[in-house]
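Below is one structure; the comments refer to it alone.
The values are calculated or read from the model by the stated rules, or taken from the named source; none is laboratory data. If you're wondering where the values come from, they're calculated on a predicted model, not measured in any experiment. Here the Cβ is made from the backbone with ideal geometry for all residues, glycine too, and neighbour counts use every protein chain on show.
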Amino acid sequence: MLEQHEIALSVKNLNVYYGGFHALDNISLEIPARQITAIIGPSGCGKSTFLRCFNRMNDLVPTARVEGTALFYGQNIYDPKINPVEVRRHIGMVFQKPNPFPKSIYENVAYGARINGYKGDMDELVERSLRAAALWDEVKDNLKKSALALSGGQQQRLCIARAIAVEPQVILMDEPASALDPIATLKIEELMQELKKFYTIVIVTHNMQQAARVSDYTAMMMLSKEGSRAGTVIEFGPTSQIFTKPKDKRTEDYVTGRFG
Amino acid sequence: MQESKLVTDVVFLRARADHDRREGIIRAVLLLFSIVSVFTTLGIIAVLLQETILFFQEVSIVEFFTDTVWTPLFASKKFGVLPLVNGTLLVAAGAMLIALPLGLLAAIYLSEYASDRARKILKPMLEILAGVPTVVYGYFALTFITPLLQKIWSETQAFNALSASIVMGFMILPLVASLSEDAMSAVPQSLRQAAYALGATRLEVTLRTVLPAALSGISAAFILAVSRAIGETMIVAIAAGQQPKLTLNPLQSIETMTAYIVQVSLGDTPQQSIAYKTIFAVGMLLFTMTLTMNLISNWLTRRYREVYE
């Protein structure tokens, strides 16, 4: 089913431990390039942990240990020779709660480019990124204003613009609309459809309607077995199939609202 | 039935009144204690002001702030406070040159680099350093640092500004480190994550995200440290000397405002004399300086609390 798409990310036998706690149990999955892949599942099944494996954010947790491979266009991002900082420059992230820096709108977008030693025209990059995040028209006269003065939805689009400005291949989104009202959520969802022309998007969401609306592929996560607290992917496929003809009984129960 | 209900109501009302009276007493006692500190401060200001006004009836305020010689204890009296201010600022500046950079580096290590375990061990140890009595620091300056300085620069005087500065710097370092670390730890984790996710290294996260976000808190810590250095008494009284001098040479003996006040209060200067009254004028000036610093620091702290809202 994935044959028609190039594979951007591919994990094989991925296990994550926090100290003695087994958080992710043996996940294998291929994420198609320039498509939107949703990760759904009940709370506490490790969706965010899984997402954070792709840009090595779990490295920031001192007790975290990742086993298995995660290939980014064929390169293992967990290869000891790979610099995690380099990984994050190619695989961007948008967080659950908008987290703009307490700086101006302009400086927020320019942040990533500055630390990467961007040599081009910064004004042009900022404008291009804000346009790509569908925020330019709302802020173009106030680029020097504090990002904290923006509304929640605008802040989240600013965070997307900030991620885009680093020119990544992949954008990871960790419940990007869960703190937003329905109109702001709709804007983010429309934006995602624009962004998938250029970027591979992986989104974690609690909201099954959202997953059904925006994504091309869906990964269903759940605790791997009774009594265990480790999450795993129990089913993966085109979103339409997951929501209409799921193969796994548990997926069916979850997407029809019978549990979770 | 009706009657018993009535009785219950009466009991209820009395209990309520008892409760209110008890609350009232507790409130009054607590209020009293908070007023005590307010009145103490007001009392100090009143005494300082009163004596300062008496002093300025005899000595011109212009002379006080412009004359460059301070000799109220000599036969030919001169009341130029500048040498004392100079001594105070010279020692404080030297102390800041040590306390600010080292304190900030320690805070950066504790907040951004240290493991949880290292921080849990190091921070309390640093705070113990802040608990060492200042008289100990004073003798450390006089008997250890000064001989060391004399070996390096033979012209170093037995009492000198530099040795007091160095020791005072180390005394204030924990204050700077602890308050700056608080300010940096208060920066939300989400901002660090945002920076890491954009491909920032730990150093870039620290310098470009955490420090700017904590800047007003760190400035407040710095200003509080300056205020502490200006008001510090024991170290300078022991190690810096008693010679009011307009000099920028830290190897020389100087006198700070605080050390002068100690010198006069412990000496045999007659209580009603003009020489004795000088200490109130100097004290008032000192109080104004540290109060201003504390107000600025308070204002900065309030500002930085609003940053993330």
Could you please let me know if A:GLN75 is closer than 17 Å to A:ASN58 by Cα and among the polar types (S, T, N, Q)? no
What are the pairs with Cβ atoms under 8 angstrom where one residue, in region B:86-112, is assigned to a helix (DSSP H, G or I) and the other, located anywhere, is aromatic (Phe, Trp, Tyr) and buried (at least 18 other Cβ atoms within 10 Å of the Cβ)? Sequence gap at least six, or different chains. B:MET96/B:PHE222; B:ILE98/B:PHE170; B:ALA99/B:PHE170; B:LEU100/B:PHE222
A:ARG52 passes all but one of the listed conditions (1) out of contact with any Cys (no Cβ under 9 Å at 6 or more places or on another chain); (2) more than 14 Å from every other protein chain (Cβ to nearest Cβ); the exception is number (2)
Candidate set from region A:62-95 (those that are aliphatic (A, V, I, L, M) and within 11 Å of chain B (Cβ to nearest Cβ)); member that is farthest from A:LYS225 (Cα to Cα): A:VAL85
Give the residue, chosen from A:ALA113, A:ALA134, that is in contact with a Leu (Cβ under 8 Å, 6 or more places away or on another chain) and closer than 16 Å to A:LYS187 by Cα. A:ALA134
Within region A:40-72, of all residues that are of a type in the set (Ser, Thr, Tyr) and surrounded by 15 or more Cβ atoms within 10 Å (Cβ to Cβ), the one farthest from A:ALA212 (Cα to Cα) is A:THR69
Mind listing just one residue for me: the one in region B:185-207 that is of a type in the set (Gly, Ala, Ser) and in a helix (DSSP H, G or I) and, of those, surrounded by the most Cβ atoms within 10 Å (Cβ to Cβ)? B:ALA197
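To keep it simple, each residue is scored yes or no on (1) at pLDDT 95 or above; (2) within 14 Å of another protein chain (Cβ to nearest Cβ); (3) surrounded by 18 or more Cβ atoms within 10 Å (Cβ to Cβ); (4) touching a strand residue (DSSP E or B) at 6+ places or on another chain (Cβ under 7 Å).
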site: B:ILE121; (1), (2), (3), (4): no, no, no, no
site: B:GLY131; (1), (2), (3), (4): no, no, no, no
site: B:ASN160; (1), (2), (3), (4): no, no, yes, no
site: B:LEU175; (1), (2), (3), (4): no, no, yes, no
site: B:LEU179; (1), (2), (3), (4): no, no, yes, no
site: B:THR209; (1), (2), (3), (4): no, yes, yes, no
site: B:ALA220; (1), (2), (3), (4): no, no, yes, no
site: B:MET234; (1), (2), (3), (4): no, no, yes, no
Of the conditions (1) closer than 28 Å to A:ASP123 by Cβ; (2) over 14 Å from the mean Cα position of the chain (by Cα); (3) more than 14 Å from chain B (Cβ to nearest Cβ), the single one that A:GLU167 does not satisfy is (3)
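A:SER48 - would you say it is touching a residue at least 24 places away in the same chain (Cβ under 8 Å) and touching an Asp or Glu at 6+ places or on another chain (Cβ under 9 Å)?
The answer is yes for A:SER48.
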Flagged in region A:197-211 as under 15 Å from the mean Cα position of the chain (by Cα) and surrounded by fewer than 19 Cβ atoms within 10 Å (Cβ to Cβ), in numbering order, are A:PHE198, A:HIS206, A:ASN207
Some residue of region B:256-266 being assigned to a helix (DSSP H, G or I), hydrophobic (A, V, I, L, M, F, W, C), within 30 Å of B:LEU104 (Cβ to Cβ) and more than 14 Å from every other protein chain (Cβ to nearest Cβ): yes
Of all the residues that make up region B:65-88, how many are surrounded by 19 or more Cβ atoms within 10 Å (Cβ to Cβ), under 14 Å from B:LEU286 (Cα atoms) and not β-branched (Val, Ile, Thr)? 4
Which count do you get for residues in region A:223-252 that are under 15 Å from A:ASN207 (Cα atoms) and not β-branched (Val, Ile, Thr)? 1
Could you list, in sequence order, the residues of region A:96-113 that are more than 7 Å from chain B (Cβ to nearest Cβ), crowded, with 23+ Cβ neighbours inside 10 Å and part of a helix (DSSP H, G or I)? A:ILE105, A:ASN108, A:VAL109
For region B:192-207, enumerate the residues that are more than 7 Å from every other protein chain (Cβ to nearest Cβ) and of a type in the set (D, E, K, R). B:ARG192, B:ARG202
